[in-house]
Amino acid sequence: MTDTEPLLASLLEERKARRGLPPYLPQDDRAVAALLQSWYDAREPGATVHDVARMGGGASREQFIFTLDRDGAPARYILRMDPTEGITETSRAREYEILRAFDGTLPVPKAVWLDIDADHFPCPAMIVEVVAGVTKPTSDQLSVTGLGTVLGDPLRDIVRPQFLDHLATIHNFDWASADLPSFTAPTDDPKQPTRWLIQFWKELLEQDAVTKEPVLRLATQWLEDNVPDCENISVVHGDYRTGNYLFDERDGRITAILDWEMCYLGDLHADLAWAIQPVFGSHIDGVFRGSDLAPPAQFLAEYEAASGNRVDRAKLHYFTIFNAWKSYILVAALGMRAARQAHNHQDVLLTFLAATGPLFVDELARLLMMEESQ
Amino acid sequence: MNPSVDDRLNSVLRALQSVVLPALPESANLAREQIMLAMGHIQIIQAQRDATPAHEAGELADMSDMAREMLAIAGGGEPIAAARAALAARLADEDGLSRDRAEAIREAIDALLRTAHAGGERDYHRRLAAAILPLGRARAAKDRAWFAPMGFDSEMSA
């Protein structure tokens with residue numbers, strides 16, 4: 001077993017068994033509608049499901065939006081289901097628990113039902129309430145949210161303080177008092193949080209790599225050799241960036257923080273380095289803005305002010321390397337392997353996204369050369 | 001050649017754009033998105049088609065250069081000697097497609113890096129890394145330029 005969180009170690013073993021499964025076929029829309037109705041028949045008799053529609057976007061889960069009518073009071077929900085493989089390897093139970101833990105503290109979609117063992121739906125599934133808002137200005141025609149999204153003026157100055165306040169709330173959250181049974185706190189020694197993290201992603205790379213990229217091997221070895229201590233264990237969102245929150249386009253208010261599936265307990269610097277990664281930012285008139293919100297120095301200074309947490313530049317550098325490595329693993333290993341095995345409903349998107357792989361190899365080589373020169 | 005590759009790909013694009021896409025209801029979000037992505041893929045593949053053999057040959061040349069640089073660095077014990085010999089053998093093997101040969105060299109490079117790291121050959125490993133990283137970066141720059149039409153690389157389009 002991999003030296004990582006126990007639940008994640010189990011996931012890594014389970015996914016090996018899925019490797020030989022036949023091609024994944026997208027769920028039939030009418031069958032999903034029938035499954036949703038029978039789910040609610042057993043739990044909320046009298047409630048009726050209608051207007052079931054498949055959602056676009058995303059690169060890991062199959063998603064359906066639907067209306068649930070209870071005594072004439074309609075409400076909209078989203079069903080999220082796992083294909084055989086995807087661009088991430090995550091647990092619906094952990095996502096469900098963390099959404100419920102932050103409900104009332106942060107704007108998050110309310111998680112209402114979970115079918116973790118696929119007892120009813122054909123694969124693990126979760127149902128969440130729909131939250132109004134957009135992930136990008138409607139004038140932005142890019143199809144993959146978050147990559148190259150430009151909020152622009154004045155929106156970015158309205159969104160940025162909320163974005164940083166919410167990140168501060170996540171990092172300062174009292175996870176020890178929360179109901180998070182699927183999470184294990186890495187408290188054995190100061191290096192365990194990040195050692196667990198590295199071993200989890202390394203095992204994914206070993207299982208899924210479609211090419212033996214030398215720079216990735218060097219990065220893996222560097223990350224293993226230089227694991228920093230983590231003095232304060234935080235909730236780490238794992239994918240905190242523009243594109244992964246909803247906002248009201250009329251006033252710029254963030255209405256929901258999304259995509260918690262890669263959440264874990266560890267070093268908060270991972271989130272900071274992620275949000276200011278080049279691939280999630282904008283280059284306009286020679287100015288780079290992380291998540292199109294602010295240049296990195298401003299972003300970090302405002303985070304420190306909002307959170308009271310000091311940013312350790314050495315750790316930020318470590319997690320900058322980690323995030324480029326993790327990003328490559330997501331798009332060029334997991335995504336490509338899922339597409340090659342025909343184990344996802346979005347193979348054509350996954351092979352498109354894999355083209356970002358060289359960007360991360362370039363970044364890793366640049367960062368490791370800086371290390372070599374010191 | 002009649003029909004040419006371009007004739008055939010253009011006809012596929014036209015069928016997707018003028019027949020399949022309009023036949024999909026507005027509510028078919030995923031299907032519409034995937035048709036658009038499929039068309040994008042085909043258009044980029046079409047634009048890269050003539051340059052693809054040279055790109056793959058260039059990749060093989062770059063991986064071969066990296067292998068030669070690594071083999072020029074002396075050091076290590078018996079396990080490393082075996083990994084070096086395997087890399088040299090891959091480099092000398094001229095059978096197969098360029099892309100397959102490039103991957104075979106990558107695998108042998110990977111094995112040598114793992115052996116050097118696991119064996120605690122720190123100085124030797126450091127010298128290997130110093131040789132690989134600039135070459136890896138130069139290769140990545142070519143691949144970034146190759147995939148720039150996909151539109152994800154904000155630095156390339158800045």
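The values are calculated or read from the model by the stated rules, or taken from the named source; none is laboratory data. For clarity, every value in this text was computed on a predicted model and none was experimentally measured. Glycine also receives a Cβ, built like all others from the backbone with ideal geometry; neighbour counts cover every protein chain displayed. For accessibility, only protein heavy atoms count, side chains too; no ligands or nucleic acids. Shrake-Rupley method; radii C 1.70, N 1.55, O 1.52, S 1.80 Å.
Things to note:
- Search result, residues across the range A:292-309 that are open to solvent by 30 Å² or more (accessible area, probe 1.4 Å) and either free of Cβ contacts under 8 Å to residues at least 60 places away in the same chain or charged (D, E, K, R) (or both): A:PRO295, A:PRO296, A:ALA297, A:GLN298, A:ALA301, A:GLU302, A:GLU304, A:ALA305
- One residue stands out in the range A:199-218 among those that are within 14 Å of chain B (Cβ to nearest Cβ) and within 23 Å of the chain's Cα centre (by Cα): the one that is most open to solvent (accessible area, probe 1.4 Å), namely A:GLU206.
- Filtered residues of the range A:272-289 (kept if crowded, with 24+ Cβ neighbours inside 10 Å and either within 14 Å of another protein chain (Cβ to nearest Cβ) or in contact with an Asp or Glu (Cβ under 9 Å, 6 or more places away or on another chain) (or both)): A:TRP274, A:ILE276, A:PHE280, A:GLY281
- Count of the range A:219-257 residues, restricted to those that are assigned to a helix (DSSP H, G or I), closer than 30 Å to A:HIS343 by Cβ, of a type in the set (A, V, I, L, M, F, W, C) and open to solvent by 10 Å² or more (accessible area, probe 1.4 Å), is 0.
- Test: residue in the range A:202-217 that is part of a loop (DSSP other than H, G, I, E, B), closer than 18 Å to A:LEU330 by Cα and hydroxyl-bearing (Ser, Thr, Tyr): yes
- Residues in the range B:114-151 that are open to solvent by less than 30 Å² (accessible area, probe 1.4 Å) and either facing chain A (nearest Cβ under 7 Å) or assigned to a loop (DSSP other than H, G, I, E, B) (or both) were compared, and the one that is nearest to B:ALA47 (Cα to Cα) is B:MET150.
- Looking only at the range A:310-339, residues that are more than 14 Å from chain B (Cβ to nearest Cβ) and either surrounded by 23 or more Cβ atoms within 10 Å (Cβ to Cβ) or touching a residue at least 24 places away in the same chain (Cβ under 8 Å) (or both) come to 16 in all.
- The residue that is farthest from A:LYS202 (Cα to Cα), counting only those in the range A:19-31 that are touching a residue at least 60 places away in the same chain (Cβ under 8 Å) and surrounded by 13 or more Cβ atoms within 10 Å (Cβ to Cβ), is A:GLN27.
- Qualifying position, being within 19 Å of A:ASP157 (Cα to Cα), at pLDDT 95 or above and in contact with a helix residue (DSSP H, G or I) (Cβ under 9 Å, 6 or more places away or on another chain), among A:LEU300, A:LEU265: A:LEU300
- Number of the condition not met by A:THR88 [criteria: (1) open to solvent by 20 Å² or more (accessible area, probe 1.4 Å); (2) at pLDDT below 95]: (1)
- When the range B:92-113 is limited to residues that are in contact (Cβ under 8 Å) with a residue 12 or more places away in the chain and open to solvent by 40 Å² or more (accessible area, probe 1.4 Å), the one that is farthest from B:ARG139 (Cα to Cα) turns out to be B:LEU97.
- With respect to the conditions (1) surrounded by 18 or more Cβ atoms within 10 Å (Cβ to Cβ); (2) farther than 30 Å from A:ILE284 by Cβ; (3) facing chain A (nearest Cβ under 9 Å), B:ARG84 falls short on a single one, namely (3).
- Any chance A:LEU8 is open to solvent by less than 70 Å² (accessible area, probe 1.4 Å) and within 16 Å of A:GLU89 (Cβ to Cβ): yes
- Subset of the range A:228-243 [closer than 11 Å to A:GLY266 by Cβ and either modelled with pLDDT under 95 or of a type in the set (Val, Ile, Thr) (or both)]: A:ILE233, A:VAL235, A:VAL236
- Qualifying residue in the range A:95-105 (condition: assigned to a helix (DSSP H, G or I), touching a helix residue (DSSP H, G or I) at 6+ places or on another chain (Cβ under 8 Å) and among the hydrophobic types (A, V, I, L, M, F, W, C)): yes
- Within the range A:91-118, the set of residues being charged (D, E, K, R) and modelled with pLDDT of 95 or more comprises A:ARG94, A:GLU95, A:GLU97, A:ARG100, A:ASP103, A:LYS110, A:ASP115.
- Verdict on B:ASN10 being away from every other protein chain (no Cβ under 14 Å) and in a loop (DSSP other than H, G, I, E, B): no
- Which numbered condition A:ASP103 misses (of (1) open to solvent by less than 40 Å² (accessible area, probe 1.4 Å); (2) free of Cβ contacts under 8 Å to residues at least 40 places away in the same chain): (1)
- Residue within the range A:47-57 that is open to solvent by less than 40 Å² (accessible area, probe 1.4 Å), within 30 Å of A:GLU224 (Cα to Cα) and more than 14 Å from every other protein chain (Cβ to nearest Cβ) present: no
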